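Below is one structure, written out as structure tokens, with a few remarks after it.
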Amino acid sequence: MHDDDAQHGPLAGFTVGVTAARRAEELGTLLTRRGAAVLHAPALRIVPLADDSELLAATKELIGHAPDVVIATTAIGFRGWVEAADGWGIGDGLLELLGGIELLARGPKVKGAIRAAGLTEAWSPQSESMAEVLDRLLGEGVSGRRIALQLHGDPLPGFVESLRAAGAEVVGVPVYRWMPPEDIAPLDRMLDVTAARGLDAVTFTSAPAAASYLNRAEARGMLPEVLDALGHDVVTACVGPVTALPLQAKGIDTVQPERFRLGPLVQVLCAQLPARARVLPVAGHRVEIRGHAVLLDGALRPVPPAGMALLHTLARRPGWVVSRADLLRALPGSGSDEHAVETAMARLRTALGVPRLIQTVVKRGYRLALDAAADTKYDGS
């Protein structure tokens with residue numbers, strides 16, 4: 001590790017959970033490049049298109065009974081739909097259908113997929129917002145019109161209902177279906193780590209993934225403790241407002257980028273996580289306490305989990321003596337032997353490389369050796 005802040009990255013010392021199934025590797029790479037440790041657990045899987053009898057039935061029905069409007073919502077979904085239709089031998093029929101009706105594209109990526117298929121969209125919103133698509137349709141009037149909507153996980157809440165209320169017939173095109181992951185163990189581990197505050201942030205890139213994560217926590221009887229962790233200690237980062245809805249429905253505040261992309265999502269974490277770290281002047285050093293490491297005068301010092309638990313406890317009342325009994329309670333799975341505190345403390349001091357940062361107060365406990373000038377600032381906190 002390097003002393004230079006720029007070299008160890010803004011997310012060094014933080015652990016970030018990734019729940020995405022699709023593009024998880026891309027998101028993980030963006031995070032690790034900025035120094036984060038990444039825990040990956042797909043919260044769902046996507047059923048392959050060619051196996052999906054629902055999509056085949058919907059496509060045949062549309063070719064036989066053309067709609068007035070088709071709304072394409074995602075590039076991967078639109079491409080997948082065309083490819084699946086080709087595989088079933090009805091690709092030409094689908095392209096002919098899409099070439100003869102009003103085809104709306106939700107954003108530039110979908111527009112690119114439509115053009116790549118040799119088609120042209122009738123219209124695309126500037127904002128990539130389904131709300132703008134809805135406004136346009138309702139403005140044109142939809143009474144008696146047949147509208148096909150390419151579904152992507154959960155559609156925008158109220159979108160289908162608003163169209164139906166205005167007199168439209170809405171046909172869903174289920175391009176891919178979300179299912180629970182085949183191996184649930186990684187998700188269970190992520191939920192355990194979330195509840196134990198072993199993550200600094202968890203990321204969500206789709207509403208179904210957020211819903212699946214919460215549903216699994218509920219099924220395991222640990223929803224209250226997971227929600228408590230997300231509500232207080234773990235930053236919940238969502239790629240956009242639709243993704244955040246299942247979490248917000250449970251009262252969880254989320255952070256989101258202004259542009260609904262993976263790069264901006266990572267930038268939000270780069271701003272949020274370092275800003276939440278405790279920075280203290282201790283024994284003539286600048287100590288920044290992160291999730292699984294300490295920045296000591298700008299140099300990254302990884303610390304074992306037990307040591308971090310002790311450090312976070314000491315930092316809650318910097319400069320004050322914390323008893324061995326209180327420190328023991330903070331240790332993960334520590335039992336009742338106060339000797340465990342001494343062992344973890346010795347390892348913590350070794351990891352920090354400057355033992356005098358933490359003072360032993362004989363027969364009383366331990367304290368962070370807060371600089372005298374800072375004492376008044378933190379007095380009584």
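The values are calculated or read from the model by the stated rules, or taken from the named source; none is laboratory data. Quick caveat, the model's predicted, so the values are computed rather than measured. Cβ placement follows ideal geometry from the backbone for every residue including glycine, while neighbour counts extend to all protein chains displayed. Areas reflect the complete protein model, heavy atoms only, side chains present, ligands, DNA and RNA absent. Shrake-Rupley method; radii C 1.70, N 1.55, O 1.52, S 1.80 Å.
Sort out for me the Cα centre separation of region 259-311 from region 201-239, rounded to whole Å.
That distance is 22 Å.
At 0.36 nm per residue, minus the direct Cα-Cα distance, what do D92 and A372 gain on full extension? Give it in nm, one decimal, please. Walk me through the numbers before you get to the answer.
Details: separation 280, 0.36 × 280 = 100.80 nm, distance 7.81 nm.
Gain in length upon complete extension: 93.0 nm.
Multiplying the sequence separation of R364 and T343 by 0.36 nm and subtracting their Cα-Cα distance, what value in nm do you get? If you can, show how the numbers build up before the last one.
On the way: separation 21, 0.36 × 21 = 7.56 nm, distance 1.66 nm.
The R364-T343 span can extend by a further 5.9 nm.
Return the label of the correct value of Rg/Rh (Cα atoms, Kirkwood Rh), as calculated from the structure shown, out of [x] 0.98; [y] 0.96; [z] 1.10.
[z]
Name the long-range amide H neighbours of V294: under 5 Å, sequence gap of 5 or more, or other chain; modelled H, no Pro or chain starts.
Result for V294 returns R301, V303.
Return the long-range amide H neighbours of F204 (sequence gap of 5 or more, or a different chain), with a cut-off of under 5 Å between placed amide H atoms.
Residues meeting the amide H criterion: A237, C238, V239.
Which ³J(HN,Hα) values, rounded to whole Hz and listed in residue order, are derived for region 25-40 from phi using the Karplus coefficients 6.51, -1.76 and 1.60 in 6.51 cos²θ - 1.76 cosθ + 1.60 with θ = phi - 60°, glycine and proline given as x?
5, 4, 5, x, 5, 4, 6, 5, 4, 9, x, 6, 8, 10, 10, 10
Just reorder R347, R329, R290, R276 by solvent-accessible area, largest first, 1.4 Å probe, all chains present.
R329, R347, R276, R290
For Cα pairs less than 8 Å apart in space and 6+ apart in sequence, what is the mean separation divided by the residue count of region 174-237, i.e. the relative contact order in percent? Display every interim value, and only then the final one.
Values: 42 pairs, mean separation 29.0, N = 64.
Across region 174-237, relative contact order equals 45 percent.
Under 8 Å for C-alpha pairs, at least 6 residues apart: give me the relative contact order for the chain, rounded to a whole percent. Can you show the working numbers first?
Values: 676 pairs, mean separation 59.2, N = 381.
Once divided by the residue count of the chain, the mean separation gives 16 percent.
How much of the accessible area of the chain, probe 1.4 Å, is carbon plus sulfur, in whole percent? Mind dumping the intermediate values first?
Working: 8810 of 17370 Å².
Carbon and sulfur together cover 51 percent of it.
I need to check one value: relative contact order of region 224-381, counting alpha carbon pairs closer than 8 Å and at least 6 residues apart, in percent.
Working: 209 pairs, mean separation 27.1, N = 158.
The normalised contact order for region 224-381 reaches 17 percent.
Highest first, please rank the peptides 211-221, 119-129 by the mean number of other Cβ atoms sitting within 10 Å of their residues. Each step should come with its number before you reach the end.
Values: 211-221: 18.3, 119-129: 14.5.
Output ranking for 211-221, 119-129: 211-221, 119-129.
For the chain, build the charge dipole from Cβ charges (+1 Lys, Arg; -1 Asp, Glu) around the Cα centre, then report which of G17, G291, G80 sits farthest towards its positive end.
The Cα lying farthest towards the positive end belongs to G291.
Note down the magnitude of the dipole of the chain about its Cα centre, charges +1 on Lys and Arg C-beta and -1 on Asp and Glu C-beta and zero elsewhere, to the nearest 20 debye.
On the way: 39 positive and 43 negative charges, 293 e Å.
Value, rounded to 20: 1400 debye.
Farthest toward the dipole's positive end in region 1-118, which of L39, I90, L56, given Cβ charges of +1 (Lys, Arg) and -1 (Asp, Glu) about the Cα centre?
Value computed over the given set: L39.
Under a 1.4 Å probe, what is the accessible area of the chain per residue, stated in Å²? Could you put the intermediate results ahead of the total?
Values: 17370 Å² over 381 residues.
Each residue of the chain exposes 46 Å² on average to a 1.4 Å probe.
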